[in-house]
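Q: Below: one structure in structure tokens.
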Amino acid sequence: MTTDQAVGLAREDEGPQRATLLELFLDLVFVAALALTSRTLAQRLDWVGVFETAVLLMAIWWVWAASTLATELHHTHRPPIFATTVWVMFGTILMAGALPKAFAEHGLVFAGAYVAIQMGRGVVLVTALADPSARQRSNRLLFWNCVSAVPWLAGAFVTGPARGLLWAAALAVDYGAALFRYPTPRIGRLPTPQYAVAADHLAERYQQIFTLALGDLILVITLTYAADDLTIQRTAALLIGFATTVLLWQVYVHRAGALLKAAIEASRDPGGFVRSAPNTHLLMVAGVVAASAGFEAVIDHPTAETSPWLVGVILGGPALFLLGRARFEYEVFSRVSPSRLVALLVLAVLGPALLLTPALVAGLAATLVLAGIAVTDSIRARGSPPEPPMPST
């Protein structure tokens, strides 16, 4: 590769600021991965199942977040970045295919694909980038990818709790390194100015992936509904699941979601959003995945008695989403609406009572809580001027 080819990898300020079709194509792979994650959770509602699903979801999510950062900083139409993005897509398909049995016989495929994605991207960028500071940035990321690869691959060769612990340690390395700006021997941390991003592009990417995560919920409830008789009870469960999807979207986009771009532009440290956005949106996406698993069970057996784990998933999905949404709101406005905290309290109080009801009633209760937030947001916004963002960073 010539120097002239390498120089053109980085996005310039005047370059395209909207998400490309290749990035949207990449996101489609993650819809399938999220759907398989939620279905895996639905099939094992216990402590072990929840822990394993959390590990798998965090791995899938980190692949997306790292890929988004790469396309945020580099032109996707350049051959090295295009090839890397396509490689990420194929690797993610491998991970998704291995996901249902990742803690059984397919562990090596899952972990191997994850390591190959992360290290492959790093090697390409280190080789292709001509700018010394950009290459140093990629060196830092590649160093920590190599560190986390050890517990990822070691976990693939053991079974039982040891695999989960090793993979959790690997995720701690991945997420922790990003949190502390990739401190690397001899070259130090990643300088804050190197987190400079195009606000409209970053905001659009996270809005898109959350919307596509809701597509996972729609996909799962539709497939579950179509798999058996279309009874009145199952149709009612489908309606409640769809209403929940609409409400999750409505609560997400209300003000904070719509003003993410403006908040990044107004921030004293725009790079802070690069570091916080993955974790904030992970909570919200995890809530969607849990809700998807819960409504799969509700549609399958709408009149069945609930169990503590089923109630936990049905209510825990909206609760996780609201925790992430509250953090998101704080990042954009430096405050949290009381309605979010009240809703979390209501969900906690409802839990024991819903153990005595059919699954359909539990699903309806979660939906009504979200509806209450949406109505409160609408009333509060009516007649008042739009609130400008006041980012916490």
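Q: For segment 34-75, which residues satisfy the criterion of being more than 12 Å from the chain's Cα centre (by Cα), within 30 Å of ALA128 (Cα to Cα) and part of a helix (DSSP H, G or I)?
A: Across segment 34-75, the qualifying residues are SER67, LEU69, ALA70, THR71, GLU72, LEU73.
Q: Continuing with the same structure: Would you be able to tell me the number of residues in segment 300-315 that are within 23 Å of the chain's Cα centre (by Cα) and crowded, with 22+ Cβ neighbours inside 10 Å? Break it down stepwise before answering.
A: Pass one, segment 300-315, residues within 23 Å of the chain's Cα centre (by Cα): 309-315.
Within this subset, residues satisfying the condition of being crowded, with 22+ Cβ neighbours inside 10 Å are 310-311, 313-315.
Result for segment 300-315: 5.
Q: Would you point out the residue of segment 151-181, among those that are at pLDDT 95 or above and among the aromatic types (Phe, Trp, Tyr), that is nearest to the chain's Cα centre (by Cα)?
A: TYR175
Q: Also, I was wondering about something else. Within segment 266-283, identify whether any single residue is buried (at least 20 other Cβ atoms within 10 Å of the Cβ), touching a Lys or Arg at 6+ places or on another chain (Cβ under 7 Å) and touching a residue at least 60 places away in the same chain (Cβ under 8 Å), and answer yes or no.
A: Looking for residues that are buried (at least 20 other Cβ atoms within 10 Å of the Cβ), touching a Lys or Arg at 6+ places or on another chain (Cβ under 7 Å) and touching a residue at least 60 places away in the same chain (Cβ under 8 Å), one finds none in segment 266-283, hence no.
Q: Among the residues of segment 139-194, what is the count of those that are among the basic types (Lys, Arg) and assigned to a helix (DSSP H, G or I)? So that I can check it myself, show each step before the final result.
A: If we filter segment 139-194 for residues that are among the basic types (Lys, Arg), which is where we start, we get 140, 163, 181, 186, 189.
Going one step further and asking which of them are assigned to a helix (DSSP H, G or I), we end up with 140, 163.
Count: 2.
Let's see how each residue does on (1) surrounded by fewer than 17 Cβ atoms within 10 Å (Cβ to Cβ); (2) closer than 16 Å to THR184 by Cβ; (3) not assigned by TED's automatic domain parsing to the domain that holds ALA32:
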| site | (1), (2), (3) |
| --- | --- |
| ILE60 | no, no, no |
| THR68 | no, no, no |
| HIS74 | no, no, no |
| PRO80 | no, no, no |
| GLU105 | yes, no, no |
| GLN136 | no, yes, no |
| LEU142 | no, yes, no |
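Q: Just wondering, is there one or more residues in segment 241-262 that are closer than 13 Å to ALA35 by Cα, buried (at least 18 other Cβ atoms within 10 Å of the Cβ) and either assigned by TED's automatic domain parsing to the domain that holds LEU322 or in contact with a strand residue (DSSP E or B) (Cβ under 8 Å, 6 or more places away or on another chain) (or both)? Show your work before the answer.
A: Taking segment 241-262 as the starting set, the residues that turn out to be closer than 13 Å to ALA35 by Cα are none.
Within segment 241-262, none of the residues are closer than 13 Å to ALA35 by Cα, buried (at least 18 other Cβ atoms within 10 Å of the Cβ) and either assigned by TED's automatic domain parsing to the domain that holds LEU322 or in contact with a strand residue (DSSP E or B) (Cβ under 8 Å, 6 or more places away or on another chain) (or both).
Q: Give the residue, chosen from ARG39, ARG44, that is surrounded by 18 or more Cβ atoms within 10 Å (Cβ to Cβ) and over 18 Å from VAL274 (Cβ atoms).
A: Values: ARG44 fails: surrounded by 18 or more Cβ atoms within 10 Å (Cβ to Cβ).
Answer to the check: ARG39.
Q: May I ask you to verify whether ARG181 is of a type in the set (D, E, K, R), without any contact (Cβ under 8 Å) to a residue 60 or more places away in the chain and either outside the structural domain of LEU283 (by TED's automatic domain parsing) or out of contact with any His (no Cβ under 8 Å at 6 or more places or on another chain) (or both)? So that I can check it myself, show each step before the final result.
A: Details: of a type in the set (D, E, K, R): yes; without any contact (Cβ under 8 Å) to a residue 60 or more places away in the chain: no; either outside the structural domain of LEU283 (by TED's automatic domain parsing) or out of contact with any His (no Cβ under 8 Å at 6 or more places or on another chain) (or both): yes.
The answer is no for ARG181.
Q: Test LEU230 against the stated conditions and say whether it is assigned by TED's automatic domain parsing to the domain that holds ARG340, free of Cβ contacts under 8 Å to residues at least 12 places away in the same chain and not in a helix (DSSP H, G or I). Full working, then the answer.
A: Working: assigned by TED's automatic domain parsing to the domain that holds ARG340: yes; free of Cβ contacts under 8 Å to residues at least 12 places away in the same chain: yes; not in a helix (DSSP H, G or I): yes.
Yes, satisfied.
Q: Specify which of the listed residues (ALA297, ALA353) is in a helix (DSSP H, G or I) and surrounded by 20 or more Cβ atoms within 10 Å (Cβ to Cβ).
A: Working: ALA353 fails: surrounded by 20 or more Cβ atoms within 10 Å (Cβ to Cβ).
Going through ALA297, ALA353 in turn, just one is in a helix (DSSP H, G or I) and surrounded by 20 or more Cβ atoms within 10 Å (Cβ to Cβ): ALA297.
Q: Considering each residue of segment 121-150, count those that are within 22 Å of VAL86 (Cβ to Cβ), at pLDDT below 95 and small (Gly, Ala, Ser), and give that number.
A: 4
The values are calculated or read from the model by the stated rules, or taken from the named source; none is laboratory data. If you're wondering where the values come from, they're calculated on a predicted model, not measured in any experiment. Don't worry about glycine lacking a Cβ; one is built from the backbone with ideal geometry, like all the others, and counts go over all protein chains shown.
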